[in-house]
């Protein structure tokens, strides 16, 4: 059975996507890292769903829904760097803002919906979304006040949704075209 996760894309990442004209395009790759500057997609396997989310003005948006295809460096990634000065993934330069230059970045090939910034998660859904850790303990988002997210700290990272939370985001994504 596949799992579903959320990953927070920062303002810098989303600004870079807009600046590069990637809105409306489907990312073929995202990046996992070993440093806190780039969330580690630990636990993600082929077939899993990942919802890239963004917080803007206390609203949470689903930017893209991605299905993990593989986590191996493929021919599409380009030549592996010979020195620290070489680009890590020259074959994915168009999507490097998703973390290609992050510390210990690894390519995660995905099948994704187009990048968009208008699919807000309704406040009532935001208040009831839940995630679970490896030990099976569940948690909701902290700092949701009147359907708005006052602080994004509990979204920062790569987190496994509960099956109910995954179903809720899947239904939202299907309804909004994300």
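The values are calculated or read from the model by the stated rules, or taken from the named source; none is laboratory data. Note that the structure is predicted; figures quoted are calculated from it, not measured. We place every Cβ from the backbone using ideal geometry, glycine too, and count neighbours over all the protein chains shown.
Looking at region 131-154 only, could you name the residues that are over 17 Å from residue 3 (Cα atoms), touching a residue at least 24 places away in the same chain (Cβ under 8 Å) and touching a strand residue (DSSP E or B) at 6+ places or on another chain (Cβ under 8 Å)? 148, 149, 150, 152 - these are the residues of region 131-154 that are over 17 Å from residue 3 (Cα atoms), touching a residue at least 24 places away in the same chain (Cβ under 8 Å) and touching a strand residue (DSSP E or B) at 6+ places or on another chain (Cβ under 8 Å). For region 134-163, a residue qualifies if it is part of a loop (DSSP other than H, G, I, E, B) and over 17 Å from the mean Cα position of the chain (by Cα), and the qualifying residues are 134, 135, 136, 137, 142, 143, 146, 147, 150, 151.
Scanning region 7-38 for residues that are in contact with a helix residue (DSSP H, G or I) (Cβ under 7 Å, 6 or more places away or on another chain) and not in a loop (DSSP other than H, G, I, E, B) yields 8, 13, 16, 17, 29, 30, 31. If you go through region 60-67 one residue at a time, do you hit one that is more than 22 Å from residue 172 (Cα to Cα) and without any contact (Cβ under 8 Å) to a residue 60 or more places away in the chain? Taking every residue of region 60-67 in turn, none turns out to be more than 22 Å from residue 172 (Cα to Cα) and without any contact (Cβ under 8 Å) to a residue 60 or more places away in the chain. Regarding region 103-112, can at least one residue be identified that is in contact with a helix residue (DSSP H, G or I) (Cβ under 7 Å, 6 or more places away or on another chain), in a helix (DSSP H, G or I) and modelled with pLDDT under 95? No: zero hits.
For (1) farther than 20 Å from residue 102 by Cα; (2) free of Cβ contacts under 8 Å to residues at least 60 places away in the same chain; (3) surrounded by fewer than 17 Cβ atoms within 10 Å (Cβ to Cβ), each residue gets a yes or a no:
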{"position": "3", "(1), (2), (3)": "yes, no, no"}
{"position": "7", "(1), (2), (3)": "no, no, no"}
{"position": "15", "(1), (2), (3)": "no, yes, yes"}
{"position": "22", "(1), (2), (3)": "no, no, no"}
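Which condition number in (1) over 14 Å from residue 4 (Cβ atoms); (2) outside any loop (DSSP other than H, G, I, E, B); (3) in contact (Cβ under 8 Å) with a residue 60 or more places away in the chain is the one that residue 166 fails? For residue 166, the failing item is (1). Taking region 41-75 as the search range and keeping residues that are assigned to a loop (DSSP other than H, G, I, E, B) and surrounded by 16 or more Cβ atoms within 10 Å (Cβ to Cβ), which one is nearest to the chain's Cα centre (by Cα)? My answer is 41. Residue count for region 93-130 satisfying the condition of being more than 20 Å from residue 26 (Cβ to Cβ), out of contact with any strand residue (DSSP E or B) (no Cβ under 9 Å at 6 or more places or on another chain) and touching a residue at least 60 places away in the same chain (Cβ under 8 Å): 1.
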